[in-house]
1. With +1 assigned to the C-beta of every Lys and Arg and -1 to the C-beta of every Asp and Glu, and no other charges, what is the dipole magnitude of the chain about the Cα centre in debye, to the nearest 20?
2. Determine ³J(HN,Hα), in whole Hz, for all residues of the stretch 6-21 in sequence, where each value follows from phi through the Karplus function 6.51 cos²θ - 1.76 cosθ + 1.60 and θ = phi - 60°; x replaces Gly and Pro.
3. Taking a cut-off of 15 Å, what percent of all Cα-Cα pairs in the stretch 22-79 are separated by more than that?
4. Restricting everything to alpha-carbon atoms, can you work out Rg to Rh for the stretch 4-110 with a Kirkwood hydrodynamic radius?
5. Starting from the amide H of ALA68, placed 1.01 Å from N in the peptide plane, find each other amide H under 5 Å away whose residue is 5 or more places distant or on another chain.
6. Within the stretch 1-107, list the trypsin sites (Lys or Arg not before Pro) lying in a DSSP loop whose Cβ has at most 16 other Cβ atoms in a 10 Å radius.
7. Indicate the gyration tensor shape class of the stretch 1-45 (rounded, prolate or oblate), computed on the Cα atoms with a ≥ b ≥ c the square roots of the eigenvalues: a/c under 1.5 is rounded; otherwise a/b larger than b/c is prolate and the rest oblate.
Amino acid sequence: GRPASASNTRCRAEQFAAARAVDGDRETYWATADGVTTASLEIDLGAGKTFDVVELQEHIALGQRVKAFAVEAFVDGAWQQAAQGTTIGYKRLLRLDNPVTASNVRLTISDARACPTISQLGLYTQPPR
């Protein structure tokens, strides 16, 4: 539910806006324009939030599209890579080695088979072991 922005949005339509990736509705999604296979999605967390799990989901009804991505956290005035991967698919949970406290988080898709469709970007903290 935090404010979100994207480097590209399909037809600049509200239906495909960045906010759709953080609205809690798995049927809505952020999408880029046709032919755009690299893009970024940024979430403004406000004050620093701590997390050690990143959840990503594609709108799988349209197929698995993402081939390479990175998750970055804005920490102490600079972007730091928190995780990276190849595919996302229906659901991808990325457990970080150490908790991260950040004011912003950015998903950068560096390669995709077709325009990305991201239905969920979530940040969580694992319970203590």
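1. Numbers: 14 positive and 14 negative charges, 53 e Å.
In total the dipole reaches around 260 debye.
2. Karplus values, whole Hz, x for Gly and Pro: 9, 6, 7, 9, 3, 6, 6, 8, 4, 4, 10, 5, 4, 4, 5, 7.
3. 62
4. Values: Rg = 13.4 Å, Rh = 14.2 Å.
Ratio value, two decimals: 0.94.
5. SER110, ASP111
6. Hits after loop and neighbour filter: ARG26, LYS91.
7. Oblate is the answer for the stretch 1-45, as a/c is 1.5 or above yet b/c matches or exceeds a/b.
Since every read-out is calculated from the coordinates, none of them should be taken as a lab result. Quantities reported herein were computed from a predicted structural model and do not represent experimental measurements. FYI the Cβ positions are ideal-geometry reconstructions off the backbone, even for glycines, and counts take in every protein chain you see.
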